[in-house]
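Below is one structure, written out as structure tokens; the observations come after it.
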Amino acid sequence: MYRPYAYSYMYFSPPYFYYHPYYYPLYITPTHWTRYPCYQTNCQARYNQCLAMYGNDGCVCYPGFLQCVQTNCYNDYTPAYQQCQSAIPNANRCVLTCAPQAYPDPAVAPVQYSLYSTLWIQGANATGFQNYAYAFSETLASYLSSNSSDGASNTSATIGNPPVVMANVTLSKTADIIVNGTSLLQVDVFIKRPTFESLNITANKLNAIMANKTMELQNVLVKAGVLFEAAQLSVQTSQTSVDTLTKDGAILVAADPATASIAPNSDGTLISAGATMSPWAAVTLMVVFLLTAHIIG
């Protein structure tokens with residue numbers, strides 16, 4: 001079997017890594033609304049409109065809710081903020097941020113639909129991977145554009161899933177890491193999608209790999225010469241982000257001083273992502289830290 005240059009020729013079965021096989025929607029409990037009547041009077045209606053736009057997942061809508069509370073219910077802002085903070089370590093479907101910000105609404109301002117995913121590859125290193133980064137991105141884009149939508153069947157993807165364009169696939173970070181004594185290559189992927197529907201379809205395809213429902217991507221990467229064994233690759237995270245854009249097309253990121261300095265250090269954070277990816281970078285650091293802490297503990 002063909003083995004790419006600079007990859008390990010000695011292969012061991014991957015050790016068990018702890019991860020969340022499923023993501024769950026974030027929601028504000030009914031008791032939270034009743035405990036703080038100002039929330040209910042001033043913010044619940046607009047929050048519910050946002051939920052209706054984004055699949056009833058409060059993860060996308062929470063920054064908008066915080067902005068409403070900060071503006072209209074300032075004395076009750078701390079409980080809302082604390083609830084958001086307590087949800088960050090959970091298995092959230094989107095990249096949760098706790099900085100007050102306007103609801104993402106394409107009727108008001110341009111919106112970008114993004115997917116952030118972290119993959120681990122055993123038996124590879126960052127230096128050798130440079131020669132295969134393009135083939136990896138091309139194969140990933142082809143897989144995400146293919147007909148098998150979730151790994152559970154071979155039914156055709158919906159019309160709402162236009163092909164993933166290579167120009168919209170970015171390998172934002174590649175780094176050699178060590179987890180539980182095992183050397184791994186970490187690849188952070190950033191993918192832009194044209195609609196919220198297509199974003200969810202793309203996320204579901206990577207979630208299917210994370211939940212071990214399919215090995216389709218791994219198999220085509222072997223055929224492309226990027227991997228020499230399908231079990232080398234695992235998907236650790238696959239989270240969405242819906243972001244309002246500025247007039248210049250940059251992601252509008254609200255500053256959150258309370259969370260800007262708490263990102264923990266870990267063996268998997270050798271290179272930081274760019275400024276426009278700072279919300280996801282902080283979450284990635286936390287996820288890798290929690291994964292490592294769980295394994296070592």
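Can you list residue pairs whose Cβ atoms sit under 6 Å apart, with the first residue in segment 119-148 being touching a residue at least 24 places away in the same chain (Cβ under 8 Å) and the second being charged (D, E, K, R)? Count only pairs 6 or more apart in sequence or on different chains. Here the result reads 125/176; 126/176; 144/205, each pair linking segment 119-148 to a residue that is charged (D, E, K, R).
Identify, from the list 91, 107, 80, 102, the residue that is in contact with a His (Cβ under 7 Å, 6 or more places away or on another chain) and hydrophobic (A, V, I, L, M, F, W, C).
Values: 107 fails: in contact with a His (Cβ under 7 Å, 6 or more places away or on another chain); 80 fails: in contact with a His (Cβ under 7 Å, 6 or more places away or on another chain); 102 fails: in contact with a His (Cβ under 7 Å, 6 or more places away or on another chain).
After ruling out the rest, the residue left standing is 91.
Across segment 243-268, the number of residues qualifying as in a strand (DSSP E or B) and either acidic (Asp, Glu) or at pLDDT 95 or above (or both) comes to 1. Give me a count of the residues in segment 75-121 that are among the aliphatic types (A, V, I, L, M), assigned to a helix (DSSP H, G or I) and within 30 Å of residue 176 (Cα to Cα). Counting residues in segment 75-121 that are among the aliphatic types (A, V, I, L, M), assigned to a helix (DSSP H, G or I) and within 30 Å of residue 176 (Cα to Cα) gives 1. Can residue 2 be described as modelled with pLDDT under 95, outside the structural domain of residue 206 (by the TED database) and either farther than 27 Å from residue 238 by Cβ or small (Gly, Ala, Ser) (or both)? Answer is yes for this residue.
In the condition set (1) under 30 Å from residue 230 (Cα atoms); (2) modelled with pLDDT under 95; (3) not hydrophobic (A, V, I, L, M, F, W, C), residue 83 is compliant with all but (1).
A search for C-beta distances below 6 Å between a residue of segment 222-246 that is touching a residue at least 24 places away in the same chain (Cβ under 8 Å) and any residue that is among the charged types (D, E, K, R), counting only pairs 6+ apart in sequence or on different chains, returns 228/3. Residues of segment 79-103 that are surrounded by fewer than 17 Cβ atoms within 10 Å (Cβ to Cβ) and within 17 Å of residue 40 (Cβ to Cβ): 79 alone.
Taking (1) surrounded by fewer than 14 Cβ atoms within 10 Å (Cβ to Cβ); (2) within 22 Å of residue 93 (Cβ to Cβ) in turn, residue 66 satisfies each apart from (1).
Out of the residues in segment 113-139 that are among the hydroxyl-bearing types (Ser, Thr, Tyr) and within 18 Å of the chain's Cα centre (by Cα), which is farthest from residue 206 (Cα to Cα)? Before you say what the answer is, go through the steps one by one.
Residues of segment 113-139 among the hydroxyl-bearing types (Ser, Thr, Tyr): 113-114, 116-118, 127, 132, 134, 137, 139.
Restricting the remaining residues to those that are within 18 Å of the chain's Cα centre (by Cα) gives 113-114, 116-118, 137.
Working: 113: 16, 114: 13, 116: 10, 117: 8, 118: 10, 137: 14 Å.
Looking at residues that are among the hydroxyl-bearing types (Ser, Thr, Tyr) and within 18 Å of the chain's Cα centre (by Cα), I get 113.
Take segment 21-58 and flag every residue that is charged (D, E, K, R) and assigned to a helix (DSSP H, G or I).
Quick first cut of segment 21-58, residues charged (D, E, K, R) only: 35, 46, 57.
35, 46 - these are the residues of segment 21-58 that are charged (D, E, K, R) and assigned to a helix (DSSP H, G or I).
Going through 161, 212 one at a time, which residue ends up being polar (S, T, N, Q), farther than 30 Å from residue 104 by Cα and assigned to a loop (DSSP other than H, G, I, E, B)?
On the way: 161 fails: farther than 30 Å from residue 104 by Cα.
One residue alone meets the criteria, 212.
The values are calculated or read from the model by the stated rules, or taken from the named source; none is laboratory data. None of the values given here were measured: they were computed from a predicted structure. Every residue, glycine among them, receives a Cβ derived from its backbone with ideal geometry; neighbour counts consider all protein chains shown.
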